[in-house]
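*Asks:* Sending over a structure as structure tokens; questions will come in a sec.
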Amino acid sequence: MAGALLASLAAVPAASAQEPGDVIVVSATRSEQSRSASAVPVAVIDAGTIMDTGAQHVAELLNRAPGVYVHRGNGAEHLTAIRSPVLSAGAGAGSFLYLEDGIALRAPAFANINGLFEAVDELAGRVEIIRGPGGAVYGSNALHGLVNVITPDPSVPGHRAELELGSFGRARVTAQASGSTRMGDGFAGLSVRSEDGWRDDAGLLRAGVQTRLDWGRGATQMSLRVSLIHLEQETATFVNGFEAYRDEALSRRNANPEAFRDASALRVALHGDHRLSSNWSLRGAVYARSNDMRFRLHFLPSRALEETGHDSVGFQSAFVRQGGAGSVTLGVDGEWTRGYLVEDQTLASFGAFPQGIHYDYDVEALTGAVFVQGRHSLAQGLEIEGGARLETTRFDYTNNTADGAIGRFLRLPNRSDTFTTFAPHAGLVWQATDRVSVFGRVARGVRAPQTDELYRLQPGQEIDGIEPEQLDSLEAGLRLAGPGGLALELTGFSMLKRNVFFRDADGLNVTDGRTTHEGVELEGVWPVMDNLTLSGALTWAVHRYDFDRPVGQASEVIVRGNRVDTAPEWLWNIRAGWQPAERLHLEAEWIHVGEYFADAANTARYAGHDIVNLRGRFTLRSGIEVFAAIRNAADTRFAERADFAFGGYRYFPGEPRNFSVGVRVRG
């Protein structure tokens, strides 16, 4: 009974490679690997947890993991923190790598700060999260961490259908099936979610379709995977004024009812694995993606319309040698992308905001990379691992409108830019006893600039001298498998980020910023009794500026040693899973977000909050379940995001108490 609870209620750190409950992960190396044998801390959210959580937003799911704090925006929007402050603008887009089966959802230089809305997370077989720099198999954007959404295994036969209704006009339909077909093992799934929104003019329609077909012959295994996302969203914006989120009537108002975001994404990938001999194999994938979005820039006085998108084709390849004492992988990756951006103001000209086209440009990007990584057993229970990646990206930018400055907009003439990054890493794992293992790792994460950081400029800004950001990380940890199913993973980290690139409050580019990041993460599960399990994640972290930047706006003056804004020192997510009867499963979840500064000068604060969520499911008979949830059960007034800008506080208010109930059929 406790084992069933572990599978459905927690992302549990593995105990040891020999125990049957150990977890196999793929994100650290692109190959299957025992999590307890990896020097990379990987949090795993399995299919049972995804189903039982029934997340109404991806933040609800990911924030169960240590070191992760995803701000929930309106609709499907979000801002992410993984071993970092909550980042926005180009840093928010480029500091995290979002993947599907190891392939980026978007081309790295064309990322989006809300990039997870393109993941089909409702249908995922599991989600793996790496905190800190990715390994040699990943390039730009695997800086602070990565999220890998993994499609279900089609060889596991079964089907599931769900209907859920909830507060604020919410409705969700999910259906999926998998099993053997004449062409191989197949999976197909559909998920549709709609809501009126709890705030004014904040409706949402989000639909995802996913298919997968696996087949093989002899030494060759193939897998064809297709994903499609469609999003139609009305966007509710900030509410202004100190602690405005405490006023529910004010929080419901939407100051920008014209704001919207419409987007679509299509991805196709063909994965292959061919065994060349008893020791050597060739693995890889070829893929294509297409993304398009229309977006009202509601946060700017111009209220301009942005149209943007990109199309990509690429490949991943690796020669892998497996031996008795370890393994080695040699790989080559490549990708070509063509993207576009148009910004058009329909309002009459005023001030520095002229009517008409602000930007209209195309960018072609060609990326090539080589990497090597390996693992070797030095002695019984002691293994070392390491690798490095060399990657080059060339951008060819074409301006489709007049060159030069117009109002507050600077359109560069046609140009080309090239960026090269080098990212090494090394680690070790020592199995000290049957129940205790120690791991450590040094690694570098990198990110080349985003295309809008390079080519979407204002007068006075320059891009000469921009270098890729580098984050050097040192971490060490302990994994413990205690009696009675107790499992803990404790990790400490220290990181230094250089060449931090951002736009300061005076509108000028900063290219040489530095920040430090130090913290401790704890993840664990404890089966207290046969029918009661405690699980959760706790994070303590301090993120500081390591440079000075005087600007005209007092609240945005950066002083060395100041805390980076929007970076809580304490985070935790504690869950109690209880099975009072054979057919009844209940969960209580306590989410704590600690106090944080809302501005760079550390003059404005958000006090933090505590939220309680309740979930349950009851089996009516074999294959039929009803489930329900009460989110924010204490009806706490809180802010999903607190910010201090333009001389005042502004917030994304959190939802009041809300309910959902549904029925599930599976077999």
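The values are calculated or read from the model by the stated rules, or taken from the named source; none is laboratory data. Everything numeric here is computed off the predicted structure, so don't read it as measured data. Positions of Cβ are generated from backbone atoms using ideal geometry, with glycine treated the same way; all protein chains shown enter the neighbour counts. Note: accessible area is taken over every heavy atom of the protein model, side chains too, but ligands, DNA and RNA are not part of it. Shrake-Rupley method; radii C 1.70, N 1.55, O 1.52, S 1.80 Å.
*Asks:* Looking at segment 435-492, which trypsin sites (Lys or Arg not before Pro) are DSSP coil and have at most 16 other C-beta atoms within 10 Å of their C-beta? Please list the in-between numbers first.
*Replies:* Numbers: sites: Arg435, Arg441, Arg444, Arg447, Arg456, Arg479; in loops: Arg435, Arg456.
Taking segment 435-492 and a limit of 16 other Cβ atoms within 10 Å, the loop trypsin sites (Lys or Arg not before Pro) found are Arg435.
*Asks:* Another one. Taking 2.2 N^0.38 Å as the expected size of a compact globular protein, what ratio does the Cα radius of gyration of segment 398-459 give against it, to two decimals?
*Replies:* On the way: Rg = 22.7 Å, N = 62, 2.2 N^0.38 = 10.6 Å.
For segment 398-459, the normalised Cα radius of gyration comes out at 2.15.
*Asks:* Moving on. Counting only the backbone N, which residues of segment 64-106 are under 18 Å from the spot 7 Å out from the Cα of Gln322 toward its beta-carbon?
*Replies:* none
*Asks:* Can I ask one more? Computing the accessible area with a 1.4 Å probe over protein heavy atoms, can you report the carbon and sulfur percentage for segment 179-251?
*Replies:* 55
*Asks:* Please work out the FRET efficiency for the pair Ala171 and Ile384, using the Cβ-Cβ distance as r and a Förster radius of 56 Å; give the result to the nearest 0.05. All intermediate terms of the calculation are to be shown ahead of the outcome.
*Replies:* Values: r = 52 Å, r/R0 = 0.93.
Efficiency, from the Cβ-Cβ distance: 0.60.
*Asks:* Give me the extension gain from Glu232 to Trp540: residue separation times 0.36 nm, minus the current Cα-Cα distance, reported in nm with one decimal. List each step's numbers first, then the result.
*Replies:* Values: separation 308, 0.36 × 308 = 110.88 nm, distance 3.68 nm.
Difference between extended and current length: 107.2 nm.
*Asks:* Of all the accessible heavy-atom surface of segment 396-526, with the other protein chains kept in place and a 1.4 Å probe, what percent is carbon and sulfur? Walk me through the numbers on the way to the answer.
*Replies:* On the way: 3020 of 5350 Å².
Answer for segment 396-526: carbon and sulfur cover 57 percent of the accessible area.
*Asks:* What do you get for Rg/Rh of segment 441-480 when both radii come from the Cα atoms and Rh is the Kirkwood radius? Could the numbers behind the result be given before it?
*Replies:* Values: Rg = 16.5 Å, Rh = 13.0 Å.
Result: Rg/Rh = 1.27.
*Asks:* Report the Stokes-Einstein translational diffusion coefficient (µm² s⁻¹, integer) for segment 487-594, Rh taken as the Kirkwood radius over Cα pairs, at 10 °C with viscosity 1.306 mPa s. Walk me through the numbers before you get to the answer.
*Replies:* Values: Rh = 16.9 Å.
For the chosen part, D equals 94 µm²/s.
*Asks:* Also: Which chymotrypsin sites (Phe, Trp or Tyr not before Pro) from segment 596-667 combine a DSSP loop assignment with at most 14 other Cβ atoms within 10 Å? All intermediate terms of the calculation are to be shown ahead of the outcome.
*Replies:* Numbers: sites: Tyr596, Phe597, Tyr606, Phe618, Phe627, Phe638, Phe644, Phe646, Tyr649, Tyr651, Phe659; in loops: Phe638, Phe646.
Those that pass, being in a loop and sparsely packed, are Phe646.
*Asks:* May I ask for the distance between the Cα centers of segment 468-521 and segment 394-457, given as a whole number of Å?
*Replies:* Using only Cα atoms to place each centre, the spacing works out to 16 Å.
*Asks:* Between Asp344 and Leu614, what length comes free when the chain is fully extended (0.36 nm per residue of separation minus the Cα-Cα distance, one decimal in nm)? All intermediate terms of the calculation are to be shown ahead of the outcome.
*Replies:* Details: separation 270, 0.36 × 270 = 97.20 nm, distance 4.53 nm.
Extending this stretch completely gives an extra 92.7 nm.
*Asks:* Separate question: State the percent of C-alpha pairs, over all pairs in segment 578-667, separated by a distance greater than 18 angstrom.
*Replies:* Numbers: 2324 of 4005 pairs.
That tail contains 58 percent of the Cα-Cα pairs.
*Asks:* For labels at Leu282 and Phe242 in the simple 7 Å Cα→Cβ model, what's the distance in nm?
*Replies:* Using points 7 Å along Cα→Cβ, the separation is 6.8 nm.
*Asks:* Another question, then. Amide H neighbours of Gly139 under 5 Å, counting only residues 5+ apart in sequence or on other chains, H built in-plane at 1.01 Å?
*Replies:* Result for Gly139 returns nothing.
*Asks:* Continuing with the same structure: How much space per residue, in cubic angstrom, does the convex hull of the C-alpha atoms of segment 500-542 take up?
*Replies:* Details: hull volume 4.2 nm³, N = 43.
Per residue, the Cα convex hull of segment 500-542 comes to 98 Å³.
*Asks:* Counting heavy atoms of the protein chains only and a 1.4 Å probe, report the per residue accessible area for the chain as a whole number of Å². Walk me through the numbers before you get to the answer.
*Replies:* Values: 25450 Å² over 667 residues.
Roughly 38 Å² per residue, with all protein chains present.
*Asks:* Spelling out what I want: for every residue of segment 467-482, take phi, set θ = phi - 60°, compute 6.51 cos²θ - 1.76 cosθ + 1.60 (Karplus), and round to whole Hz; glycine and proline get x.
*Replies:* Result, rounded to whole Hz: 10, x, 5, 10, 10, 9, 10, 10, 9, 8, x, 9, 10, 10, 10, x.
*Asks:* Here's another thing I want to ask about it. Report the equivalent ellipsoid semi-axes for the chain in whole Å, largest first, defined as the square roots of five times the eigenvalues of the gyration tensor built from alpha carbon atoms.
*Replies:* On the way: eigenvalues 264, 187, 134 Å².
Three semi-axes, in Å: 36, 31, 26.
*Asks:* Percent of accessible area on segment 36-146 owned by carbon and sulfur, 1.4 Å probe? It would help to have the intermediate numbers written out before the result.
*Replies:* On the way: 770 of 1390 Å².
Of all accessible area on segment 36-146, carbon and sulfur atoms account for 55 percent.
*Asks:* What percent of all Cα-Cα pairs in segment 545-629 falls in each 10 Å bin, counting up from 0?
*Replies:* 16, 28, 18, 15, 13, 9, 2
*Asks:* How would you classify segment 65-124 from its alpha-carbon gyration tensor, with a ≥ b ≥ c the square roots of the eigenvalues: rounded for a/c under 1.5, else prolate if a/b is greater than b/c, otherwise oblate? Don't skip to the end; give the middle numbers.
*Replies:* On the way: a/c = 1.35, a/b = 1.15, b/c = 1.17.
Rounded, since a/c falls under 1.5.
*Asks:* Summing -39500 (n - 2.57) over the DSSP H runs of n ≥ 4 in the chain and dividing by its residue number, what mean residue ellipticity at 222 nm do you reach, to the nearest 500 deg cm²/dmol?
*Replies:* Details: 6 runs with 36 residues, N = 667.
Per the formula, -1000 deg cm²/dmol.
*Asks:* Ok, one more. How far apart, in nm, are two points set 7 Å out from the Cα along the Cα-to-Cβ line at His274 and at Arg435?
*Replies:* Label at His274, label at Arg435, 4.9 nm between them.
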